[in-house]
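Remarks on the structure that follows.
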Amino acid sequence: MSEARREDPAEPSLHRVAACVAPRDTRGYHRSMKVISQREFRNHSAAVMDEVDKGQIYHITRNGTEVAELRPLSRRRRLTAEELVARHRRLPTVDYDRMRREADEFFGTEDRVDGDDLRAARDV
């Protein structure tokens, strides 16, 4: 008789947790999106959050109806003030007169209000 290895219930294996959490992929959705019930989410929230941290997206259902989406936050780094200033300095300069001519050619000048010349207002 072979001796079966017994797992400690206080320390669930990753395989067993993964089997409990969202065991099915939803058809018609992107492959990395899974659907779980509210109860599955409640009972296995730590494992679900670990999977979300790795990039997994979940739709959570209540009584069979999808009510929420759980997805990882984007990991974009915030720029420092110095980086923003450096980016701003690399922007191309704007030729106001050329921009106004192009806008007038495209939109026309008949609807233009007399005080619509921002450059004149800025120079005052």
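The values are calculated or read from the model by the stated rules, or taken from the named source; none is laboratory data. Everything quoted here is computed from the prediction, not taken from an experiment. Just the protein is used for accessible areas: all its heavy atoms, side chains included, with ligands, DNA and RNA removed. Shrake-Rupley method; radii C 1.70, N 1.55, O 1.52, S 1.80 Å.
Before moving on, here are some points about what is shown:
- Heavy-atom accessible surface of residue 91, to the nearest 10 Å², is about 110 Å², with a 1.4 Å probe and all protein chains retained.
- Rg ratio for segment 41-93: its Cα radius of gyration over 2.2 N^0.38 Å, N being its residue count, equals 1.93.
- Solvent accessible area, Å² - residue 44, 1.4 Å probe, full protein context: 50 Å²
- Mean-position separation - Cα centroids, segment 74-115 and segment 38-53, in angstrom: 46 Å
- For segment 27-79, accessible area per residue (1.4 Å probe, heavy atoms of protein chains only), Å²: 82 Å²
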